[in-house]
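Enquirer: Input: one structure, supplied below.
The values are calculated or read from the model by the stated rules, or taken from the named source; none is laboratory data. Note that this is a predicted model, so its numbers are computed, not measured. For neighbour counting, all protein chains shown are included, and Cβ atoms are generated from backbone atoms with ideal geometry for every residue, glycine included. Each accessible area value is taken on the protein alone, full model and side chains, heavy atoms only, with ligands, DNA and RNA left out. Shrake-Rupley method; radii C 1.70, N 1.55, O 1.52, S 1.80 Å.
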Amino acid sequence: MAACLPCATASALVLTRRLPLLPSFTRRSTICGRRIVCVKNFQINATRKVFVPLNYAQRRIQSCGAASSSQSVQCRSQEDVLVLGIETSCDDTGAAVVTTDGRILGEAIASQAELLGQWGGVVPKLASEEHRKFIDKVVADALHNAGVQESALSAVAVTIGPGLSPCLHVGVRKARIIAKTHRLPIIGVHHMEAHALVARLTEKQVGFPFLVLLVSGGHNLLLLSQNVGQYVQLGTTVDDAIGEAYDKTARLLGLDMRKGGGPALEELAREGDPKAIKFSVPMRGPKYLDCNFSYAGLKNQVRMAIESRNIDGDQVSLSMASAEDRKIRADIAASFQRVAVQHLEDKCRRAIEWARRLAPSLSSLVVSGGVASNQTVRAKLGALASELDLQLVCPPPRLCTDNGVMVAWAGVEHFRLGMYEAPPDADEPDDVRLDLRPRWQLGDIYEEGQSEARSLKRMNQHPSLTAQVCLYARIFTEKFGASRLQVDFWNQGPKSALMTPPVMKTPEKRFAF
Ligand code: KG4
Ligand code: ZN
């Protein structure tokens, strides 16, 4: 039988001495049955006629495969890869175990709703103490629910930013201890990327590129997602995020914050008339032709409406309000929600136009983050998407708010591409200085989306995840023999990077997250 393409390429490379000087072994080709020379930790890329380094998961598979020909060892498949995800960036301690093919084997979450109700918002020191109290139990519960031992994991993914430093610290430390004990690679996850990518776990048909609106307590982002780690930021908030506006309005209206400001306000808004109060929609008119958001002005309008109607949420909670007072509060809630969501709609409409210029094949609008669990948000953006011929994808509400599953899944997506850090050294001290990124941008900014306010806000930020991924990819592809096309691809930057980028594989050290 003639040699198959990988065999023929391998033989040619061996003969022409383009084989890396690394340990080799032989195995039978599964295609043509011939015995071929394999290079440890490398695989043949027949198209490019080079040996490319394997990522960690592939190395494990290769070592099983090498043994299996002589010792019949069960080969570990990609489907067996189990990633533990840990989330502690704000006020929820979450953990989950997810497989490469997107099965959620087990999850656990400890919410800080009581604290939130007591203090009316997140107090970083108290939140981190709660994380510290619950982290071991939450991780143990997630593993128990999954029926998995720590030692059976393939990798640990953990949110390293953006978020509150003392809170991030708790999760990252826990992740490193597990990874160190069991020699597991670590994946440092961007919290907002996790919100975006979880849509690909729940709706398998969501492929790149897709447009994503991320709406949470601290972020309002419109991004074109081109691949894992690659985003073009079309818009962001110049001041507050929508979740912040929901929380503030809920507090002023005297709602029960233990339910969460957003859910409590959504519930009250159902009783009110959304047209009762004429709040103005932010950033309309010829001056605002971008995809940025602003909620500070709306928050102010709401505060004035509440004060002028003599409502004191601090003194009189909703449960103690008279029927008449309750009706006024419900009208304010409904009117606020109508305008807040209208603002999302306005900016999404423009972002779809921009995104289609960059990616004409665009077919999905993903909406995620805590506020995406709101039914009005889903209904209005669903109508917009269908008007503009896009499929709306919203993860189920429990996966829209912070959780461990989204972090584990983002870990899977990175792990599959070889983007992870090597296991911590066995002698790494427990108090090692951790790489935390409280202010960390996700994507590169689309030129037309620049704004003065935002450039000021960017001070003290980590370079974006996308900039980092592009930089590493360029270094690795140049070092490990990428074709000219691939190098050009990375040089051109994200605006023109709309084709599938090369998969990044490196032999040992991964990203220094
Ligand atoms: O993503 P998330 O859980 O945490 C952050 O990353 O910030 O989002 C929390 C935000 C909070 O502001 C919360 O009030 C808001 O999401 N939220 C909602 C709803 N559920 C959560 N806002 C409006 N309607 C909801 N149903
Ligand atoms: Zn979040």
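Enquirer: Determine, from the Cβ-Cβ distance of Val281 and Lys137 and an R0 of 35 Å, the FRET efficiency 1/(1 + (r/R0)^6), rounded to the nearest 0.05. Mind showing how you got there, number by number?
Expert: On the way: r = 45 Å, r/R0 = 1.28.
It comes out at approximately 0.20.
Enquirer: Tell me, what is the 1.4 Å probe accessible area of Trp119, in Å² to the nearest 10?
Expert: Its heavy atoms expose roughly 150 Å² to the probe.
Enquirer: Using label points projected 7 Å from each Cα along Cα→Cβ, tell me how many nm separate Arg270 and Glu307, to one decimal.
Expert: With each label point 7 Å from Cα toward Cβ, the separation is 3.3 nm.
Enquirer: For segment 210-395, what is the accessible area per residue in Å², given a 1.4 Å probe and the full set of protein chains?
Expert: Values: 7100 Å² over 186 residues.
Per residue, segment 210-395 has an accessible area of 38 Å².
Enquirer: Would you pull out the residues with amide H under 5 Å of Tyr420's amide H, same chain only if 5 or more places away, H placed 1.01 Å from N?
Expert: Those lying under 5 Å, H to H, from Tyr420 are Phe511.
Enquirer: How many percent of the accessible area of segment 128-256 is carbon or sulfur, using a 1.4 Å probe?
Expert: Numbers: 1790 of 3660 Å².
Ligands and nucleic acids excluded, carbon and sulfur reach 49 percent.
Enquirer: Turning to a different aspect of this structure: Applying the Karplus parametrisation 6.51 cos²θ - 1.76 cosθ + 1.60 with θ = phi - 60° to the phi angles of segment 226-233, what ³J(HN,Hα) value in whole Hz is obtained for each residue in order, glycine and proline being reported as x?
Expert: 9, 5, 4, x, 10, 9, 10, 7
Enquirer: Whole Å is fine, so just give me how far the alpha carbon centre of segment 192-258 lies from that of segment 290-333.
Expert: 24 Å
Enquirer: Which cross-chain or sequence-distant (5 or more) residues have an amide H under 5 Å from the amide H of Gln391, H modelled 1.01 Å from N in plane?
Expert: Correct list: Ser364, Leu365.
Enquirer: What net charge do the residues around Glu87 carry, taking every other residue with its C-beta under 12 Å from that of Glu87, with Lys and Arg at +1 and Asp and Glu at -1? Walk me through the intermediate numbers first.
Expert: On the way: positive: Lys174; negative: Asp91, Asp92, Glu107, Asp402.
Value of the local net charge: -3.
Enquirer: Follow-up. How big is the equivalent ellipsoid of segment 150-238 along its three axes, where each semi-axis is √(5λ) from the Cα gyration tensor, reported in whole Å from largest to smallest?
Expert: For segment 150-238, the semi-axes come out at 27, 18, 9 Å.
Enquirer: Under a crude label model (7 Å from the Cα following the beta-carbon direction), how far is Ala379 from Asp101 in nanometres?
Expert: In this crude label model, Ala379 to Asp101 measures out at 3.9 nm.
Enquirer: Largest first, how would Lys125, Lys380 line up by accessible area (1.4 Å probe)? List each step's numbers first, then the result.
Expert: Working: Lys125 135, Lys380 100 Å².
So the residues, ranked largest to smallest area, are Lys125, Lys380.
Enquirer: Please find the FRET efficiency linking Ser317 to Leu388, where r is the Cβ-Cβ separation and R0 is fixed at 60 Å, and quote it to the nearest 0.05. Don't jump to the answer; show the numbers that get you there.
Expert: Numbers: r = 42 Å, r/R0 = 0.69.
Once rounded, the FRET efficiency stands at 0.90.
Enquirer: Trp119 to Arg439: extension gain in nm, 0.36 nm per residue of separation minus the Cα-Cα distance? Numbers along the way, then the final one.
Expert: Working: separation 320, 0.36 × 320 = 115.20 nm, distance 2.39 nm.
Length gained between Trp119 and Arg439: 112.8 nm.
Enquirer: While we're here: Can you work out the Karplus-derived ³J(HN,Hα) for every residue in segment 399-414? Use 6.51 cos²θ - 1.76 cosθ + 1.60 with θ = phi - 60°, whole Hz, and x for glycine or proline.
Expert: 9, 7, 6, 4, 6, x, 4, 5, 6, 4, 5, 4, x, 4, 4, 6
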